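Here the structure is laid out as structure tokens; the discussion comes afterwards.
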């Protein structure tokens, strides 16, 4: 798949199938993360791939009510890191978050090419997720990425989520997010 096509095709859909994702596909997704750029090649991301029914069920107990749709997912990736896994910047920016975000972005494009929905979420209890997965306390669970194949079953979705499934979300025009030479004139 062409990168532009993957970017335009990628969607954070919720109507997922319970069909298992082959380990080869997981390996390709993780490889995309491994090849992601990072400060001094520190690769700050740590990924816990949750695939077994017992661990999935335990982790799904950490999901918020708005993410009940994710309970159908056959795989969840927990993306974790800590500040000293990455470059330490003089102004105390948490650069490890940026590095992890880039790696997830590339992984999502790889997943799209493989026909997999990779939907990052923030709606979960991070302390419960850490406990279930045995993640050390000094680590931050940055996101859970809900992974699965699209099946179109809308039964676990709210009315708002059903509407979101059926529409392509509007994006801001280029001029609203991008500025030429600082915060002056918007890029047209």
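Every number in this text was worked out from the coordinates using simple rules, so none of it is lab data. The shown structure was predicted, so the numbers you read here are calculated from the model rather than taken from an experiment. Every residue, glycine as well, gets a Cβ built from its backbone with ideal geometry; the counts of neighbours run over all protein chains shown.
I'd like the FRET efficiency for residue 42 and residue 159, computed as 1/(1 + (r/R0)^6) with the beta carbon distance as r and R0 of 45 Å, rounded to 0.05. Efficiency for this residue pair is about 0.55. Ranked by the mean number of other Cβ atoms within 10 Å per residue, highest first, peptides 46-56, 111-121 order as 111-121, 46-56.
Distance between the modelled labels on residue 92 and residue 20, one decimal in nanometres: 4.8 nm (7 Å Cα→Cβ projection).
Let a ≥ b ≥ c be the square roots of the eigenvalues of the Cα gyration tensor of the range 79-137; is it rounded (a/c under 1.5), or, if not, prolate (a/b larger than b/c) or oblate? Taking the square roots of the gyration eigenvalues as a ≥ b ≥ c, the range 79-137 is oblate. Counted by neighbouring Cβ atoms within 10 Å, the residues 30, 141, 3 run from fewest to most as 3, 30, 141. Under 19 Å from a point placed 7 Å out from the Cα of residue 8 along the Cα-to-Cβ direction: which residues of the range 87-115 have their backbone N that close? In the range 87-115, the label zone of residue 8 (backbone N under 19 Å from the point 7 Å along Cα→Cβ) covers 109-115. Working from label points 7 Å from Cα in the Cα-to-Cβ sense, the residue 56 to residue 82 distance is 3.0 nm.
Across the range 3-177, C-alpha contacts under 8 Å between residues 6 or more apart give a mean separation that, scaled by the residue count, equals a relative contact order of 34 percent. Each of 4, 20 has some number of other Cβ atoms within 10 Å of its Cβ, and from fewest to most they run 4, 20. Taking each residue as 0.36 nm, the span from residue 138 to residue 31 lengthens on full extension beyond its C-alpha to C-alpha distance by 36.0 nm. Pairwise Cα distances in the range 3-177 exceed 20 Å for 55 percent of all pairs.
The order of 81, 17, going from fewest to most other C-beta atoms within 10 Å of their C-beta, is 17, 81.
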